[in-house]
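Have a look at the structure below before the remarks.
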Amino acid sequence: MLKLTEYEKGLLAGSEGKGKKKAMEFIVRYANVLGTRELCEVSRATLFIGAQHYLDCYPYNENYKKIFSEFYLCSDEEVDFPDISEDCKAQTCAASCDFRNCEKTHMSKEYQARNLSYINITRKMGVKIVESCTPYYVGWIPMMGEHFVSTESSNVVISNSIFGAMGNSDGVENAVCAAITGRTPKWGMHVKENRYADCLVNIKCKAENMFDWDVIGFTVGRLIPKHVVPVIMGNFRRPDINSFRQFASTISVTSAAEMCHIVGVTPEAQSLEMAVGSKQILHEIDITEAEYEKSVRMIGCEGSGQVDYISIGCPHLALDELKVISEYLGYRKVKDNVELLVWTDYATKEMADVNGYTATIEGAGGYLLTGSCPIVMREDSHKHAKAMAMFGAKQAFGIQHQTKVPVFYGDIFQCIDAAISGEWKGR
């Protein structure tokens, strides 16, 4: 039976208004479905909120208060927008469009205005407008043991694995209600015993750079059994945060894993024994070169061909990667009638502006864009494309469900070369 604190009982009774009451009712219903005995305090949240395309089920001119009440609070009664909990640092996740550049991304001004109106309401509730799927690059860094909610699957994996924070992929409704109440059901990765590894993954393929870890994440995800916590071992070069970002994004594409230990790298896996804890290894898999190559073939089209739409930055790129891109571009120019889209967040773009990286990228004919990506903006942003090339795998693999044109997959340098020549030359 679920036990509530006096404060939680007060929220449920409406002590802080009807909006928080509705949010708490959702949290309690969810906890009862899960069979949890208590809630935990949530101090950080990222929210996939705004005029997101999952709201396309509503009429275009529908009252947002009605939408918010029904969709996020699961309430038939329309209530005022509640404030975010004072104890929860909440910010927006990736946006449904770059609201500064709707023309460059082929999104309508009407859609841009709708998104801005929703976002402004969100800001007044106490959510910081950041529009990033890589919040750890701009200060959203949970401490070890801190409870969080996030609507970005790769951020869930990174926060659990790299930072040692505690959270689940519970969905957007729970994330919003958790940010409002400061509470979420204590289950899954919020419980220490559930975080121990029970699946050993041996890396026996190349693991030297960011592209390799992008492919490895996809491969690990498709090979591990359901409902396991993997732990990785092998004789490989230690991945940096950008490489693990790619790994986290792609393991989330092919599996429901919310955490992955790496022996000697992640804080709860300084040894294999530490990672396994009170559990035991029940499964063991090898990531071979053959499985690696199979994943590459699954992610994008094979062969060569002309391309006119290149997107780099899924998840959003760090400042050091923008430096690499600007230096690799140099004085070269993107071919006429080819689009090169490079994605980051607002804060990182400001630093790129200061360092001259934006000027180089845009001087070459590319666009340094913020807050979103083609797969989140959906078909309107790329339906004109005749052939695409992309990094990373989450975007290249996922966007194939939105288009029938060829989608090639490669590293950042291959994508830039394709933007310069207008041709994908394969691996």
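The values are calculated or read from the model by the stated rules, or taken from the named source; none is laboratory data. Values in this document were obtained by computation on a predicted structure and should not be read as measured data. Cβ placement follows ideal geometry from the backbone for every residue including glycine, while neighbour counts extend to all protein chains displayed. Quick note on the areas: whole protein, heavy atoms, side chains included, nothing else; ligands and nucleic acids left out. Shrake-Rupley method; radii C 1.70, N 1.55, O 1.52, S 1.80 Å.
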- Query: What is the list of residues in region 341-380 whose amide nitrogen lies under 20 Å from a point 7 angstrom out from the Cα of residue 320, following Cα to Cβ?
  - Reply: 343-358
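If you average 1/r over all unlike Cα pairs in region 310-413 and invert the result, what Kirkwood radius do you get in angstrom? It would help to have the intermediate numbers written out before the result.
On the way: mean 1/r = 0.0724 Å⁻¹.
Computed over region 310-413, the radius equals 13.8 Å.
Return the FRET efficiency for the residue pair residue 265, residue 346: r is the Cβ-Cβ distance, R0 is 41 Å, and the value is rounded to the nearest 0.05.
On the way: r = 30 Å, r/R0 = 0.73.
That gives a FRET efficiency of 0.85.
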- Inter-label distance for residue 15 and residue 423, nm, one decimal - labels placed 7 Å from Cα along Cα-to-Cβ: 7.1 nm
- Provide, as a two-decimal number, the C-alpha radius of gyration of the chain over 2.2 N^0.38 Å, N being how many residues it has. 0.99
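Subtracting the Cα-Cα distance from 0.36 nm times the residue separation, let me have the gained length for residue 65 to residue 113 in nm, one decimal. Write out the running numbers ahead of the final one.
Details: separation 48, 0.36 × 48 = 17.28 nm, distance 1.65 nm.
Going from the current span to full extension adds 15.6 nm.
Accessible area per residue, 1.4 Å probe, Å², for the chain: what's the number? Write down the numbers at each step before the final one.
Values: 17360 Å² over 427 residues.
That works out to 41 Å² for each residue.
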- Show which lysines lie in cross-link reach of residue 394 when reach means a straight Cα distance below 19 angstrom and same-chain residues fewer than eight apart are skipped. 294, 383, 404
- Note on the structure: Under the Karplus relation with 6.51, -1.76 and 1.60 and θ = phi - 60°, whole-Hz ³J(HN,Hα) for region 8-13, x at Gly and Pro, equal 5, 4, x, 4, 5, 7
- Query: In units of 2.2 N^0.38 Å, what is the alpha-carbon radius of gyration of region 106-214?
  - Reply: 1.33
- What translational diffusion coefficient, in µm²/s and rounded to a whole number, does the Stokes-Einstein relation yield for region 154-226 at 37 °C and a viscosity of 0.692 mPa s, taking the hydrodynamic radius as the Kirkwood radius over Cα pairs? 226 µm²/s
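If packing is taken as the mean number of other Cβ atoms within 10 Å per residue, what is the order of 202-215, 276-289, highest first?
Values: 202-215: 19.8, 276-289: 13.6.
Top to bottom by mean Cβ count within 10 Å: 202-215, 276-289.
Return the calculated 222 nm mean residue ellipticity for the chain, to the nearest 500 deg cm²/dmol, obtained by summing -39500 (n - 2.57) across DSSP H runs with n ≥ 4 and dividing by the residue count. Provide the component values of the computation, followed by the final result.
Details: 16 runs with 157 residues, N = 427.
When only DSSP H runs of four or more count, the value is -10500 deg cm²/dmol.
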- Task: Return the long-range amide H neighbours of residue 184 (sequence gap of 5 or more, or a different chain), with a cut-off of under 5 Å between placed amide H atoms.
- Result: 40, 42
- Message: P(r) for region 200-245, please, calculated from all Cα pair distances in 5 Å bins and given in %.
- Response: 5, 21, 33, 26, 11, 3
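Between residue 286 and residue 192, how high is the FRET efficiency from 1/(1 + (r/R0)^6) when r is the Cβ-Cβ distance and R₀ = 35 Å? Nearest 0.05.
Numbers: r = 29 Å, r/R0 = 0.82.
Working from the Cβ atoms, E equals 0.75.
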- Find the relative contact order for region 41-133 and round it to a whole percent, using C-alpha pairs within less than 8 Å whose residues are 6+ positions apart. 39 percent
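Using a 1.4 Å probe on the protein heavy atoms, what percent of the accessible area of the chain belongs to carbon and sulfur?
Numbers: 8920 of 17360 Å².
Reported share for carbon and sulfur atoms: 51 percent.
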- Kindly provide the Kirkwood hydrodynamic radius of region 37-102 in Å, to one decimal, from all pairs of distinct alpha carbon atoms. 14.0 Å
- Message: Using the Karplus curve 6.51 cos²θ - 1.76 cosθ + 1.60 with θ = phi - 60°, what ³J(HN,Hα) values do you get for each residue of region 198-210, in whole Hz, with x for Gly and Pro?
- Response: 9, 9, 8, 10, 9, 7, 10, 10, 5, 8, 9, 8, 5
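So how much slack lies between residue 402 and residue 206, counting 0.36 nm per residue of separation and subtracting their Cα-Cα distance, in nm? Walk me through the numbers before you get to the answer.
Working: separation 196, 0.36 × 196 = 70.56 nm, distance 3.10 nm.
Residue separation times 0.36 nm, minus the Cα-Cα distance, leaves 67.5 nm.
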- Query: For region 171-323, what Kirkwood radius comes out of the mean inverse Cα-Cα distance, in Å?
  - Reply: 17.0 Å
